[in-house]
Amino acid sequence: MAKKILLVDDSPYILRFIGSSLQNDGYEVITAENAYDGIERAIKANPDLIIMDLKMPNGNGIDACISIRTAPETCHIPIILASAHINELVIKDIHLWGINDYIRKPFTPHSLTEKIVALMR
């Protein structure tokens, strides 16, 4: 059975491009276009990993990660924060928010896949 990845991003391009790349790598991909929908889909779909954008409509990625991390149904799911807005302050506090790793946009599908594989071991 394919591992399930929830991809949460407000960019249709990112959802299509990264989603397609992950599907080509053999993952089942679920998408959400905002933080609120991302939380709902995480609870309903129980993915093996979540890739979360930082800045989105209907809540930001950090608040969504905290909600996901504190819910009993989803607290075990690894989370990668993906954003162009990752700075030293974000990196310093990343683990306080329940985020396992981060990747700066723009990134290559290969660099994202490396992080996914490392977290799913």
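Each value in this text was obtained by applying a stated rule to the coordinates, not by laboratory testing. Being a predicted model, the structure only gives us computed values, none of them experimental. Please note: Cβ atoms are built from the backbone with ideal geometry, for glycine as well, and neighbour counts cover all protein chains shown.
General observations
- Taking other residues whose beta carbon is less than 14 angstrom from the beta carbon of V90, and scoring Lys, Arg as +1 and Asp, Glu as -1, yields -1.
- Neighbour-count ranking [beta-carbon atoms within 10 angstrom, fewest first] of V29, V117: V117, V29
- When region 4-119 is described by a simple charge dipole with +1 on each Lys and Arg Cβ and -1 on each Asp and Glu Cβ, the residue from N100, M56, I5 located farthest towards its positive end is N100.
- Förster radius 25 Å - calculated FRET efficiency between A118 and L89, Cβ distance, rounded to 0.05: 0.55
- Looking at the chain alone, DSSP beta bridges between its own residues are antiparallel in about 0 percent of cases.
- Proximal lysines relative to K115, as straight alpha-carbon distance under 20 Å, when same-chain residues fewer than 8 apart are discounted: K3, K4, K92, K105
- Ranked by how many other Cβ atoms sit within 10 Å of their own Cβ, fewest first, the residues T74, T113 fall in the order T113, T74.
- Put in line by how crowded their Cβ is, counting other Cβ atoms within 10 Å and starting with the fewest, L49, L15 read L15, L49.
- Net charge dipole size for the chain [Lys, Arg +1 and Asp, Glu -1 on Cβ; Debye, nearest 20]: 200
- Residue of I91, I99, I77 that the Gaussian network model of the chain assigns the largest fluctuation, springs spanning Cα pairs under 10 Å: I91
- Intensity falloff of region 4-119 expressed as log10 I(q)/I(0), Debye formula with alpha-carbon point scatterers, at q = 0.14, 0.15, 0.20 Å⁻¹: -0.48, -0.55, -1.05
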